[in-house]
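Here the structure comes first, spelled out in structure tokens, and everything after it is commentary.
The values are calculated or read from the model by the stated rules, or taken from the named source; none is laboratory data. Since the model is a prediction, treat every value here as computed from it, not as a measurement. Quick reminder, even Gly has a Cβ in these numbers, built from the backbone with ideal geometry, and neighbours come from all protein chains shown.
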Amino acid sequence: MNDLHFSTRIIGTDFEKPDAHGAIALPVYRNAAFEFPDSEAIAAAFRGETGKHTYSRISNPSVANFEQKVRTASGAESAVALSSGMAAITNTFFAIATAGSNIVSSPHLFGNTFSFFKSTLEAFGVEVRFVDTDDLRQIESAIDANTCAFFAELVTNPHLEVADLPAISNILRAKGVPMIVDTTLVPWCAFDAKKVGVDIEIVSTTKYISGGATSTGGVIVDYGTFDWTKNKKLAAMPQPKGISRFTAKLRSEIVRNFGAVMTPDVAAMQTLGLETLQVRYDRMSATAAELARHFAGHHKIARVNYPTLKTSPYKAVSDALFSGHPGAMFTVELGSKADCFRFMDALKIFRRATNLFDNKSLVIHPESTIYCTFTPEMKRTAGIEDTLIRFSVGLESVEDLKNDIENALQRVCIIYP
């Protein structure tokens, strides 16, 4: 199926086993346990020798079907579906990090990812070394024998920075360090993670994949490209058959012990969402790009941020990495926090809500919401300003969204030359 286009491949992915009644969509296996004909059969299944499902916290047919479609979409070796994007991040690092190890990362991260690194992981003795990912020398000098991973967001939320992943990959390959990237903001139909050197991809499937904010979920995608004998925690593991040491550690221990699994109902909804991903992404990202271009230079906006704008320092790398537009999120900077609130309160179509890539367009003031529990120092480190507004663009008419923003800008006091 590799010669087919993205949407055709996803929709045409066959079930692991034919449905008994010939259903086109896999029925939802809304159950906890699975029966076996005899004691040896269930014992063999628990030993992992038969591929049979035993208990839905370990595996489930509906979830396995979703994971299979993710493998088709990404071209990955394996995929592990979980209950949220944060579950995907936490499970990933608990699989590879130990006390005394360190992670090299940009500080410009989604709020809970930053908090997980600084508050949760550091309490377990894992150091996080924040660097400017635009400076390759900083990345290289921060890596040492105890570095278990480099982590970045493909497009940072809400900063809209784009790291030069191919250049960073060259450094990491020479150092024997895996590249782990949260690619939530640009899905597989517009970005090939494996091609640019990503080893492990983390995605919040709550966003584009869920098909209109129907459910929360996350997925860890393993491209099978890293030699995990270079990781101190995984090196002693026997080499499993058909999957990497990393995915084997996830499935046999970390996911089972933490229990943050995707439910069968969510898997069914997100399987349908994955099938319509490209048509929604193309429309939403094109609208976001049009809105960003339209309002760039507006006399009541200090700055519009979107990677393909000529004013963005990330335009060249964005154009090189992505086929099409780099996502359905853009930001604007106004003159004050008060102006931000006045502007947001005047919007009629954009919903004041968190989340990204709902079918409905959303708007939020990150400093007073997502990062509201951060200290001033943490906000400075994370690069969060109180003059920034984040837009998530949905499926409404671009002209209606333009008019909504234009009308709301009449409430803004400051005028720029």
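Looking only at region 118-128, decide whether some residue is at pLDDT 95 or above, in a helix (DSSP H, G or I), closer than 24 Å to A167 by Cβ and not basic (K, R). No, there is no match, as no residue in region 118-128 is at pLDDT 95 or above, in a helix (DSSP H, G or I), closer than 24 Å to A167 by Cβ and not basic (K, R). For region 354-366, check the following and say yes or no: at least one residue is surrounded by fewer than 16 Cβ atoms within 10 Å (Cβ to Cβ), within 27 Å of M86 (Cβ to Cβ) and either in contact with a Phe, Trp or Tyr (Cβ under 6 Å, 6 or more places away or on another chain) or among the polar types (S, T, N, Q) (or both). Yes, some residue in region 354-366 is surrounded by fewer than 16 Cβ atoms within 10 Å (Cβ to Cβ), within 27 Å of M86 (Cβ to Cβ) and either in contact with a Phe, Trp or Tyr (Cβ under 6 Å, 6 or more places away or on another chain) or among the polar types (S, T, N, Q) (or both). Looking for something among the hydroxyl-bearing types (S, T, Y), part of a helix (DSSP H, G or I) and surrounded by 13 or more Cβ atoms within 10 Å (Cβ to Cβ) - is there at least one such residue anywhere in region 22-30? Checking region 22-30: not a single residue is among the hydroxyl-bearing types (S, T, Y), part of a helix (DSSP H, G or I) and surrounded by 13 or more Cβ atoms within 10 Å (Cβ to Cβ). Modelled with pLDDT under 95 and farther than 21 Å from E153 by Cβ, is that true of G394? No; evaluated as a whole, the condition is false for this residue. Tell me which residues, restricted to region 288-321, are within 23 Å of N407 (Cβ to Cβ) and not hydrophobic (A, V, I, L, M, F, W, C). Scanning region 288-321 gives E290, R293, H294, G297, H298, H299, K300, R303, N305, Y306.
Would you call A248 modelled with pLDDT of 95 or more, over 30 Å from L395 (Cα atoms), surrounded by fewer than 20 Cβ atoms within 10 Å (Cβ to Cβ) and of a type in the set (A, V, I, L, M)? Before you say what the answer is, go through the steps one by one.
Working: modelled with pLDDT of 95 or more: yes; over 30 Å from L395 (Cα atoms): yes; surrounded by fewer than 20 Cβ atoms within 10 Å (Cβ to Cβ): no; of a type in the set (A, V, I, L, M): yes.
Answer is no for this residue.
Looking at region 233-272 only, could you name the residues that are in contact with a Ser or Thr (Cβ under 7 Å, 6 or more places away or on another chain) and either assigned to a loop (DSSP other than H, G, I, E, B) or not assigned by TED's automatic domain parsing to the domain that holds A64 (or both)? Even if it seems obvious, please write down each step before you answer.
Step one: of region 233-272, the residues in contact with a Ser or Thr (Cβ under 7 Å, 6 or more places away or on another chain) are 233, 235, 243, 247, 260-262, 264, 266-270.
Hits for region 233-272 are K233, A235, I243, A260, M262.
Of all residues in region 274-308, those being buried (at least 19 other Cβ atoms within 10 Å of the Cβ) and not in a helix (DSSP H, G or I) number 7.
Could you say which residue among M329, M284 is in contact with a Gly (Cβ under 7 Å, 6 or more places away or on another chain) and closer than 30 Å to N65 by Cα?
Only one candidate qualifies: M284.
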